[in-house]
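Accompanying notes for the structure given below.
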Amino acid sequence: MSGLRAWLTEPVPHSRAQARAQAWWLAWCAFRANPMAMLGLGLVLLLVLVALSAPWIAGRSPFEQDLANRLSPPSAEHWLGTDELGRDIWARIVWGSRITLAIVGIVVVIVGPLGLLVGTVAGYLGGWVDTVLMRLTDVFLAFPRLILALALAAALGPGIENAILAIAVTAWPPYARLARAETLTIRNSDFIAAAIVQGASTPRILLGHVVPLCLSSVIVRLTLDMAGIILTAAGLGFLGLGAQPPAPEWGAMIATGRQYVLDQWWVAAMPGAAIFLVSLGFNLLGDGLRDVLDPKRGAG
Amino acid sequence: MIEVEALEVTWGRGARAHRAVKGIDFALPAGGTFGLVGESGSGKSTVLKAIAGLAPVTGGVIRLSGRPLGARRDKGFRKSVQMVFQDPYGSLHPRHTVDRVLAEACAIHGLDRREARIVRILDEVGLGPAFRFRYPHELSGGQRQRVAIARALIVEPALLLLDEPTSALDVSVQAEILNLLLDLKEAHGLAWIFVSHNLAVVAQMCERVAIMNNGRIVEEVAARDLARANLREPYARQLLAASRGFDRAVARTLVTYD
């Protein structure tokens, strides 16, 4: 361990791998110094951990009905109570974390690269490419996001996959705008001119020079938006266009708990608390990442 | 090496068009050194940008080794003509290490023995291996400019375009960089076009010097004549007088030439 630390803090790195590891180590040290960011990271890691170990910690099946025990309050038997069909809410939340994680993962994989690509290409090339791509972005931005997602989810048919797709398709335009704005400030800088003089091709400049500088703000924005994405997914589930029963999706669980919210509060409150914790985690993580990844901080 | 004939550059279009360079001619033999001096806005940097393909050429021809250059510069041109920018704080990518900058230059031009080249060029520009994995923000202005010079020279160009390479640096660091450039010229047999507003620097660094004003070359002289103040044109004489430091008597006599 002390050998590793010495390797990471050596003043003069000897190889590319060591230099890169040291840059990461410095960023990690800066991140670690922020307790709220660490709390956010902890919550997000907890979500991942719970999703991975669902079969072992859930205790029972999320679909197992026990009509004799329906709507029973939290107890030693059912930690978070049971819902209207007597299903264990703890088990459903644990299994539902997998759905939440899938939503988050797939949306990130689609939205980040798509927004970055559209934004940097539009900003860097300018001219008619910029006009076409940005008008397309405007078309998507002109509709309220949830309404567009609703329309898409309804057109594609209800289901969690289609809901994720609908969210991703409606979530990328702000990222394209963000990446384009960043690209415009980068485009005329000397280091881009230097890359052109060097003979770098346009794809090389875009991927190697422009994208790394836009990436940090996109990552930060993604983590901050993650809460909104989870809530949109929950909203679609709530409206019946997301995960279909009996899938233990948190938004759908709140939707069914709505009827009992006054007398059996735990049916809606428990998945609500789960959504709140995960959203909070991503928000805090995003705030912390913003401090670490800010290009003005300088370090890589 | 390079010939420039009736070169014109116009930025912008229509009502906002600005003719920065209004027809200039000069020629530079292989291994030769040519200086462009003038006040801010005289179009001297724009000439370099036009040669590098960074400015819109609207008239005239630029010939490299006798072949006229088209609107797009090819890889061959990029390998033989490199540029060093004025501001070492802006010309290096903030997220790229020195190593990445130099390795990328090798990758673009498909050079062999990259490891050896990087180590050697760092040594040549006076930065040891300790600087190889640093980021630009961990370097001083002079060190950054050395990296920029290393980046230009690692592809072994024949012509170097120097756009006020020392004007953003401290006076003592300026001298270091100028000496480094002279050493490297000797070692690599470089030709260069050196743009500066500093007449003394240009007279030191170049064999021939052109004095520019308002997008035109006013006078072209040998550096020797510039040093002896052997100038014909009134604007050139005025620029020289003004460059000798602030003097109220001179300041009162300044005239705007077109």
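Only the coordinates and a few stated rules stand behind these numbers; no lab work does. Here the structure is a predicted model, which is why all the values come from computation and not from measurement. Using ideal geometry, Cβ is built from the backbone for each residue, glycine included, and neighbour counts are taken over all protein chains shown.
Counting other beta carbons within 10 Å of each residue's own, what order do A:178, A:125 fall into, fewest first?
A:125, A:178
Quick one: if you stick a label point 7 Å off each Cα along the C-beta vector at residue B:252 and residue A:273, how many nm between them?
About 8.7 nm separates the two model spin labels.
Compute the label zone of residue B:120 within segment B:162-189: residues whose backbone N is under 18 Å from the point 7 Å along Cα-to-Cβ.
B:183-189
Between segment B:38-60 and segment A:104-167, what is the C-alpha centre distance in whole Å?
41
On a straight-distance basis, which aspartates and glutamates could pair with residue B:185 in a cross-link, Cα separation under 17 angstrom, same-chain partners fewer than 8 positions away excluded?
Output for residue B:185: B:123, B:124, B:156, B:163, B:164, B:176, B:207.
Once both axes come from the Cα atoms, what is the angle between helix A:127-142 and the longest principal axis of chain A, in degrees from 0 to 90, rounded to 10?
For A:127-142 against chain A, the angle is about 20 degrees.
Would you compute, from DSSP H runs of 4+ residues alone, the mean residue ellipticity of chain A at 222 nm, taking -39500 (n - 2.57) per run and dividing by the full residue count, rounded to the nearest 500?
-24000 deg cm²/dmol
At 25 °C and 0.890 mPa s, what whole-number value in µm²/s does Stokes-Einstein give for the translational diffusion of chain B, with Rh from the Kirkwood sum over Cα pairs?
128
Roughly what angle does helix A:160-187 make with the longest principal axis of chain A, taking Cα atoms, 0 to 90 degrees, to the nearest 10?
20
State the Cα centre-to-centre distance between segment A:64-95 and segment B:121-146 in whole Å.
If you average the Cα positions of each part, the centres end up 65 Å apart.
Other chains' Cβ within 10 Å of A:16-25 residues: what's the mean?
2
Hey, rough spin-label estimate for residue B:40 and residue B:228, points 7 angstrom out along Cα→Cβ, what's it come to in nanometres?
Calculated label separation equals 3.5 nm.
Residues of A:202-208, mean number of Cβ from any other protein chain within 10 Å of their own Cβ, rounded to a whole number?
1
In terms of the Cα gyration tensor, with a ≥ b ≥ c the square roots of its eigenvalues, is chain A rounded because a/c is under 1.5, prolate because a/b exceeds b/c, or oblate?
Note, shape of chain A comes out oblate.
If each residue's Cβ is checked for other Cβ atoms within 10 Å, how do B:34, B:133 rank with the fewest at the top?
Ranking B:34, B:133 by Cβ neighbours within 10 Å, fewest first, gives B:133, B:34.
Any chance you could run the full-extension gain for residue A:57 through residue A:15? It's 0.36 nm times the residue separation minus the Cα-Cα distance, nm to one decimal.
10.8 nm
With a/c under 1.5 counting as rounded, go ahead and sort segment A:106-263 into rounded, prolate or oblate using the C-alpha gyration tensor (a ≥ b ≥ c being the square roots of the eigenvalues; past the cut-off, prolate if a/b is larger than b/c, else oblate).
Verdict is prolate for segment A:106-263.
Which one of A:44, A:253, A:100 is farthest out on the positive end of the charge dipole of chain A, using unit charges on Cβ (Lys, Arg +1; Asp, Glu -1) and the Cα centre as origin?
It is A:44, whose Cα lies furthest towards the positive end.
Ranked by Cβ crowding within 10 angstrom, fewest neighbours first, how are A:87, B:120 ordered?
If I rank by nearby Cβ atoms, fewest first, I get B:120, A:87.
In the Gaussian network model of chain B, springs joining C-alpha atoms below 10 Å, which of B:151, B:67, B:216 carries the largest mean-square fluctuation?
With Cα springs under 10 Å in chain B, the top fluctuation among B:151, B:67, B:216 is at B:67.
For residue B:22, give me every one of the lysines with a C-alpha distance below 30 angstrom, ignoring sequence neighbours fewer than eight places off in its own chain.
Residue B:22 reaches B:44, B:49, B:75, B:79.
What is the mean number of Cβ atoms from other protein chains located within 10 Å of the Cβ atom of each residue in peptide B:141-152, rounded to a whole number?
Mean shielding by partner chains, rounded to a whole number: 1.
Å³ per residue of the Cα convex hull, for the protein assembly as shown?
204
For segment A:1-66, state what percent of all Cα-Cα pairs lands in each successive 5 Å bin, counting from 0 Å until the bin that includes the largest distance.
Whole-percent P(r) values from 0 Å outward: 4, 14, 14, 13, 11, 13, 10, 7, 5, 4, 3, 1, 0.
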